[in-house]
There are 2 protein chains.
Amino acid sequence: MGLQTDLREKLISDYAKLSPQMQKAARYILDHPNDVALRSMRALARAANVPPSTVTRLMTAIGVETWQDFRDHYQTRLLDQPASYARRARETQKTDNDVDRDQHLLESICRTEIDNVSDAYSPDLVSRMIATCEAIENARQVFIVGRGAAYPAAFQFAYAYRLFCDNGVLVDGHSGTFGDELRGIGRRDIMIAVGAKPYIRDTVRAVEFAHSQHCPVIAVTDSDVSPIATDAHSKLVVRDTSQSFFQSFTAALSVMQALVALLVARGGPKALQRIAAAEEQLAVFDTYLED
Amino acid sequence: MGLQTDLREKLISDYAKLSPQMQKAARYILDHPNDVALRSMRALARAANVPPSTVTRLMTAIGVETWQDFRDHYQTRLLDQPASYARRARETQKTDNDVDRDQHLLESICRTEIDNVSDAYSPDLVSRMIATCEAIENARQVFIVGRGAAYPAAFQFAYAYRLFCDNGVLVDGHSGTFGDELRGIGRRDIMIAVGAKPYIRDTVRAVEFAHSQHCPVIAVTDSDVSPIATDAHSKLVVRDTSQSFFQSFTAALSVMQALVALLVARGGPKALQRIAAAEEQLAVFDTYLED
DNA sequence: AGAGGTGCGAAACATATGTTTCGTACCTTT
DNA sequence: AAAGGTACGAAACATATGTTTCGCACCTCT
């Protein structure tokens, strides 16, 4: 487990001590690391011109229990961001002690959350976020929709956005007024809709209404085929993997915050001035505690 | 390249025409493309919670002869990706200076966010979170307070918590009723207060009121000496470093979610039953979109 | 020369995999 | 109510996979 110093190094250092046939196998593996990740053991053996048993023997020779372990190692190596956390999580759940179990759960949650966040800043998502900013900057009004568990992410954006732009509208009707804020929405506006499975009807309806009014929609959601992402002008698909029954909105929140940061950075000094003005105004309302 | 129209696009465009079960499979594939490259068809089917036959049927439905072909496509996609990273980086550095600056900002935000999150799961915080759970489990009522930018984190917890416990109260008075919910708070209750600098007066007042009524407070905040953490029963100090004028509540949100996950895990089957009941109730209200 | 040891590949083994088949449940449509 | 049609999962199927076993060939060392 934790002792897994890089197997590639191990293979190189032990190379001299291996039998000729094993060297042949080891050499092929060193030359074609991706084959380990992607092909089967027998297929690799065939490619290396070695019987399967040699490969198994090689495994034991370098102190690896099973081919699975070896393959897993190379698979996670191939993905710069290891995704095999889920499996490890399942393993750790088997521990018996209570506090121990809690600790393991939290560790596993930590890894998952980091995965979720780093995935949200992949090159693809980054360029989409930049494009999204341009769309927001050119919009007349910016409608932000998020219901249920997605509400925090929507709120976060709306709250921060309003500090430097006054054309942001958070669509969160109370007392059954949801949707009222959408009156007048049109092709020159933009809607940012946040939502993951299970999709809340209100959100989907809002998106559909936006489309019917020819208003482009930016979808912050969990899948390319989520009902929110359908016909979206831009899709920001973020991971929401979670150890609990509840999807994680950490990455979504992070993305929303990043959008704000980007908008401010692109807005330059003008944006900062507006923020200062907003804070002054809040001071008048005695919102903050003084130091 | 001729026949290699991107299978991912094909999957998205045909999605609506697929049968429900195939959609389930297609969706899992869209959300976990690497699983196609690295795992077996049966393993993927298991992960997608679909019988193997559905995956085969999906293959024929989208016009792919065999699973091998499909897998090959995703494997080459996986291998080509690192190359496109570098290419895009080079392109953008030469052509567009503005985009480059944006990308760097986002990369830096990414690192910061990951730092914030991983810091929130330090051994110290982990044990505090476990202790916090015990306190919550023993409380009569659980009051959750968070104003302004901290509201999302508070809301997130309250929303999820209420799905399996009915003694949670989100203190978010609208129309000037903030604080009304605190009536009757006492020593057997507990308050979870979320807030970072600048501290919002309402939150601090709520915490002070809780103390005056001998109600223990759990502080999710940015410093050991934050006004919210003063005299707290338990302090969950999370980082909120950010590149923008605005603090990041990503880590705070993550911690709140983790608390929920922990409470559910410790609650065992009973908690799960309650969640099921809550979801049924939401179904009655027609909240969710059906699949 | 023979005993003991090592390296090796063919084959055997149990299991997993990709695909097809088949019966049933659930729809419309008449 | 009956007929036709689609969607679906369980099981059956042949094949492929990872691992172990077995016996042979080739070494050394006395």
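The values are calculated or read from the model by the stated rules, or taken from the named source; none is laboratory data. Note that this is a predicted model, so its numbers are computed, not measured. Neighbour counts are summed over all protein chains in view; Cβ atoms, including those assigned to glycine, are modelled from backbone coordinates with ideal geometry.
Just for the stretch B:147-170: of the residues that are outside any loop (DSSP other than H, G, I, E, B) and farther than 23 Å from B:Gly267 by Cβ, which one is farthest from the chain's Cα centre (by Cα)?
Residue satisfying both the conditions and the ranking: B:Gly148.
(1) within 14 Å of chain B (Cβ to nearest Cβ); (2) within 24 Å of B:Asp14 (Cα to Cα); (3) part of a loop (DSSP other than H, G, I, E, B): which one isn't true of A:His214, the others all being true?
It is condition (1) that A:His214 fails.
For the stretch B:138-154, enumerate the residues that are within 13 Å of chain A (Cβ to nearest Cβ) and closer than 10 Å to B:Ile190 by Cα.
Of everything in the stretch B:138-154, just one residue is within 13 Å of chain A (Cβ to nearest Cβ) and closer than 10 Å to B:Ile190 by Cα, namely B:Ile144.
All but one of (1) modelled with pLDDT of 90 or more; (2) touching a Leu at 6+ places or on another chain (Cβ under 9 Å) hold for B:Ala47, so report the exception by its number.
So B:Ala47 meets the others, but not (2).
Only one of these is more than 9 Å from every other protein chain (Cβ to nearest Cβ) and aliphatic (A, V, I, L, M): B:Val255, B:Val264. Name it.
B:Val255
Within the stretch A:171-196, can you find the residues that are acidic (Asp, Glu) and either not in a loop (DSSP other than H, G, I, E, B) or not assigned by TED's automatic domain parsing to the domain that holds A:Ile144 (or both)?
Selection gives A:Asp180, A:Glu181.
Only residues that are over 23 Å from A:Met191 (Cα atoms) and aliphatic (A, V, I, L, M): list them for the stretch A:256-277, please.
If the condition is that a residue be over 23 Å from A:Met191 (Cα atoms) and aliphatic (A, V, I, L, M), then A:Leu272, A:Ala276, A:Ala277 are the ones that fit.
Can you tell me which of A:Val207, A:Val237, A:Val217, A:Val264 is farther than 30 Å from B:Gly268 by Cα and in contact with a Phe, Trp or Tyr (Cβ under 8 Å, 6 or more places away or on another chain)?
Answer to the selection: A:Val264.
Return the total of residues in the stretch B:250-288 being without any contact (Cβ under 8 Å) to a residue 40 or more places away in the chain and among the charged types (D, E, K, R).
The qualifying residues number 3.
Of everything in the stretch A:53-75, what is surrounded by 13 or more Cβ atoms within 10 Å (Cβ to Cβ), closer than 21 Å to A:Ala16 by Cα and either more than 10 Å from DNA strand D (Cβ to nearest atom) or not hydrophobic (A, V, I, L, M, F, W, C) (or both)? Give them in sequence order.
A:Thr54, A:Thr56, A:Arg57, A:Ala61, A:Ile62 - these are the residues of the stretch A:53-75 that are surrounded by 13 or more Cβ atoms within 10 Å (Cβ to Cβ), closer than 21 Å to A:Ala16 by Cα and either more than 10 Å from DNA strand D (Cβ to nearest atom) or not hydrophobic (A, V, I, L, M, F, W, C) (or both).
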